[in-house]
1. Hey, among the residues in segment 57-95 that are touching a Ser or Thr at 6+ places or on another chain (Cβ under 9 Å) and part of a helix (DSSP H, G or I), which one's farthest from I120 (Cα to Cα)?
2. Among the listed residues P56, P68, P27, P34, identify the single one that is loosely packed, with under 12 Cβ neighbours inside 10 Å, assigned by TED's automatic domain parsing to the domain that holds L135 and at pLDDT below 95.
3. If only one of A161, A179 is surrounded by fewer than 22 Cβ atoms within 10 Å (Cβ to Cβ) and part of a helix (DSSP H, G or I), which one is it?
4. Just give me the residues in segment 90-103 being of a type outside the set (A, V, I, L, M) and surrounded by fewer than 16 Cβ atoms within 10 Å (Cβ to Cβ), in sequence order.
5. Cβ contacts < 6 Å: first residue closer than 19 Å to S193 by Cα and not assigned by TED's automatic domain parsing to the domain that holds G25, restricted to segment 147-171; second residue hydroxyl-bearing (S, T, Y) and crowded, with 18+ Cβ neighbours inside 10 Å, any location; separation 6+ or different chain. Result?
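The values are calculated or read from the model by the stated rules, or taken from the named source; none is laboratory data. Please read these numbers as outputs of a predicted model, since none were measured by experiment. Neighbour counts run over all protein chains shown; Cβ positions are idealised from the backbone, glycine included.
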Amino acid sequence: MAGTLHQGLLRLVRDDPWLPFDLLGLPHPVEGWPLDRRAEVEYEPGDDRPPRQGFPDLVLVVEDPRDPASGVVITVEAQGHQDRVKRWRIPFYQAALANDHALPTWVVVISLCPRMSADIRAWRRGPPPQVDALLLDRESVPLPAALDGSLRRPAAIVLSAVLHATASDISAIEDALAALAPLPREDRARYISILMAAAPKALRAELELQETSMDDHNGLLRIERASGTYHLGFEEGREEGLSRGRRGAFIDMIVEILDARGVALGPHERERLDSCPSETTLQRWARRALVAERATELFEPSA
């Protein structure tokens, strides 16, 4: 699974940790707010050796210091492809974390792969060790348009859209984009990066165009008008200055997006940005910056 999508799915649950229970209509096993404890499980207490390997993607824990026996552990795995090694690892995760925390331990699997989902369901009934997991996939989670009430919240909408998006049907992602439109721009951009990473590559350009057309007169225009170069051109009243300001605004935006997402921009890529004379091209590259795993992907020919 692509890094942006994988990390995005985990972030959805990290930010909204009771989401798997709510989507499946299950009561919360305890009160309280699960906290991310993934880093702790990589090390044995007091052990200076290298971190333990083979632990799950995300570990959330609720503990009550007044009652050590009251709490819960939730471990989350995001699967983009079939991995039959998880037949043995998931029970290990569950047992190891239950042993570490002495608490009831739940396993959540987010599956984008029908074969992986079928395996999880079969392993629930198979010979020991059985895989006791809450499965979030397109069969167990409603479409975005079908979510209502307390489930009509951004993390649930985005996760549903990702699960239901297919190579030929992006209507679930389009529904999610429409539902996210009222959010503040910064929040919406975070969710959109997950949706774009889930979209088939051949259809990303269509989604990017839709999203940009919604935002052109808001976020992009604000960024442009915050550019000193833009104002220079405006004040001087010269079309050349205006164009230079708009290009500079797009270049600054691309650099900031890549930096925020941890995507390295090398000197060659930066030179290509700075030397590009076309506002249209820079705008296309800015949209790609939201989902690119490497800076070179900005410049790939359109499909």
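1. Filtering segment 57-95 for residues touching a Ser or Thr at 6+ places or on another chain (Cβ under 9 Å) gives 57-60, 62-64, 72-75, 77-80, 90, 93-95.
Applying the additional criterion that residues be part of a helix (DSSP H, G or I) yields 90, 93-95.
On the way: I90: 10, Y93: 15, Q94: 15, A95: 17 Å.
Per the stated criteria, the residue is A95.
2. Working: P56 fails: loosely packed, with under 12 Cβ neighbours inside 10 Å; P27 fails: at pLDDT below 95; P34 fails: loosely packed, with under 12 Cβ neighbours inside 10 Å.
Unique residue meeting the criteria: P68.
3. Working: A161 fails: surrounded by fewer than 22 Cβ atoms within 10 Å (Cβ to Cβ).
That would be A179, the only listed residue that is surrounded by fewer than 22 Cβ atoms within 10 Å (Cβ to Cβ) and part of a helix (DSSP H, G or I).
4. Restricting attention to segment 90-103, the residues satisfying the condition of being of a type outside the set (A, V, I, L, M) are 91-94, 99-101.
Answer for segment 90-103, where residues must be of a type outside the set (A, V, I, L, M) and surrounded by fewer than 16 Cβ atoms within 10 Å (Cβ to Cβ): F92, N99.
5. Final answer for the pair search is P154/Y191; V158/Y191.
Listed here are the residues, each with its yes/no results for (1) at pLDDT 90 or above; (2) of a type in the set (G, A, S); (3) within 29 Å of Q94 (Cβ to Cβ).
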residue: A122; (1), (2), (3): yes, yes, yes
residue: P142; (1), (2), (3): yes, no, yes
residue: A155; (1), (2), (3): yes, yes, yes
residue: R185; (1), (2), (3): no, no, no
residue: A189; (1), (2), (3): no, yes, no
residue: A198; (1), (2), (3): no, yes, yes
residue: E211; (1), (2), (3): no, no, no
